[in-house]
1. Taking the residues in segment 140-175 that are under 27 Å from W224 (Cα atoms) and of a type in the set (S, T, Y) as candidates, determine which candidate is surrounded by the fewest Cβ atoms within 10 Å (Cβ to Cβ).
2. Which fully enclosed helices (runs of 4 or more DSSP H) of segment 146-194 have 3 or more residues being within 30 Å of Q15 (Cα to Cα) and among the hydrophobic types (A, V, I, L, M, F, W, C)?
3. Out of A109, A124, I need the residue that is assigned to a helix (DSSP H, G or I) and either closer than 24 Å to F212 by Cα or among the aromatic types (F, W, Y) (or both). Which one?
4. With open to solvent by less than 50 Å² (accessible area, probe 1.4 Å) and modelled with pLDDT of 95 or more as the only criterion, which of E186, E200, E182 stands out?
5. Can you tell me how many residues in segment 142-188 are touching a strand residue (DSSP E or B) at 6+ places or on another chain (Cβ under 7 Å) and closer than 17 Å to V93 by Cβ?
6. Can you tell me how many residues in segment 118-157 are among the aliphatic types (A, V, I, L, M) and within 18 Å of Q194 (Cα to Cα)?
7. Please name all residue pairs, on different chains or six or more residues apart, with Cβ atoms under 6 Å, provided the first residue is in segment 31-50 and is small (G, A, S) and the second residue is assigned to a helix (DSSP H, G or I) and surrounded by fewer than 17 Cβ atoms within 10 Å (Cβ to Cβ).
Amino acid sequence: MSIAYTITASEPVNQQIYRYLRQEIVTCIIPPGSLLSEKEVSARFDVSRQPVREAFIKLAEAGLVQVLPQRGTFVRKISARRVADGRFIREAVEIAVVRRAALEATPVALLALQQNLDLQALAAQRNDIQGFLALDDTFHRLIAESIDCTLAWETVENIKATMDRVRFLTLSKVSPPENLIEQHREIYAAVAAQDADAAELAMRRHLQEMIFSITPISEQNSEWFEQH
């Protein structure tokens, strides 16, 4: 864990530590199965153990870590079942959102989506995987904001941590950013055309990408996945 982060006074310390650790777990900088030490993390961020303990609780709620009595806190291995369940819930929410967006999105909202797509393409050209992941999330959040329903995106964000680890692994090996950008463009085109049925179909195809990618990824990284 060599990346240096700055803890600021602009938001609660536990939230900052949670966000930093979540990013490192999702991008597998901290690999599945790793032991997380309260002492080491508090020393790393130069904070007391209390906000670290609170961050660990949030990571556990997100399904990213597991606290084992007498053993410690470990980064959970990736569960194919949890990925499938998360994708199912996310699909239900985002399809409802994108159908409304096709009917309600304003020109200003559409412009924001178009600008986001341009930035996605730039990130892909630069091979900026983490930047692309952030822009991918922003694209979906902007769709929710276009119908003034940020709670929909917050709900998705709370359940997709396990999905995000698979998504990160697929970008370089199974489902490159260029493919996802094309899917995003199809979603955007349907919303801009006010075609709710086409928007639903495009979103469904996009989110089902996870189904086809998890098997090869789990075979390539078997030590990172739960074995059943």
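The values are calculated or read from the model by the stated rules, or taken from the named source; none is laboratory data. Everything numeric in this text was worked out from a predicted model, so none of it was measured. No Cβ is skipped: glycine too gets one built from the backbone with ideal geometry, and neighbour counts run over all protein chains shown. Note: areas computed on protein heavy atoms with side chains; ligands, DNA, RNA excluded. Shrake-Rupley method; radii C 1.70, N 1.55, O 1.52, S 1.80 Å.
1. S172
2. Details: elements: 150-159, 161-173, 177-192.
So the answer is 150-159, 161-173.
3. On the way: A109 fails: either closer than 24 Å to F212 by Cα or among the aromatic types (F, W, Y) (or both).
Matching residue, one of A109, A124: A124.
4. On the way: E186 fails: open to solvent by less than 50 Å² (accessible area, probe 1.4 Å); E182 fails: open to solvent by less than 50 Å² (accessible area, probe 1.4 Å).
Matching residue, one of E186, E200, E182: E200.
5. Going through segment 142-188, the residues touching a strand residue (DSSP E or B) at 6+ places or on another chain (Cβ under 7 Å) turn out to be 162, 165-166.
Checking the rest, the ones that are also closer than 17 Å to V93 by Cβ come to 162.
Counting residues in segment 142-188 that are touching a strand residue (DSSP E or B) at 6+ places or on another chain (Cβ under 7 Å) and closer than 17 Å to V93 by Cβ gives 1.
6. First, pick out the residues of segment 118-157 that are among the aliphatic types (A, V, I, L, M): 119, 121-124, 129, 133-135, 142-144, 147, 151-152, 156.
Add one more test, that the residue is within 18 Å of Q194 (Cα to Cα), and what stays is 142-144, 147.
Total satisfying the criteria: 4.
7. Pairs found: S42/R49.
Yes/no per residue for (1) among the acidic types (D, E); (2) under 16 Å from the mean Cα position of the chain (by Cα); (3) modelled with pLDDT of 95 or more:
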| residue | (1), (2), (3) |
| --- | --- |
| P69 | no, no, no |
| A84 | no, yes, no |
| I95 | no, no, yes |
| N116 | no, no, yes |
| Q120 | no, yes, yes |
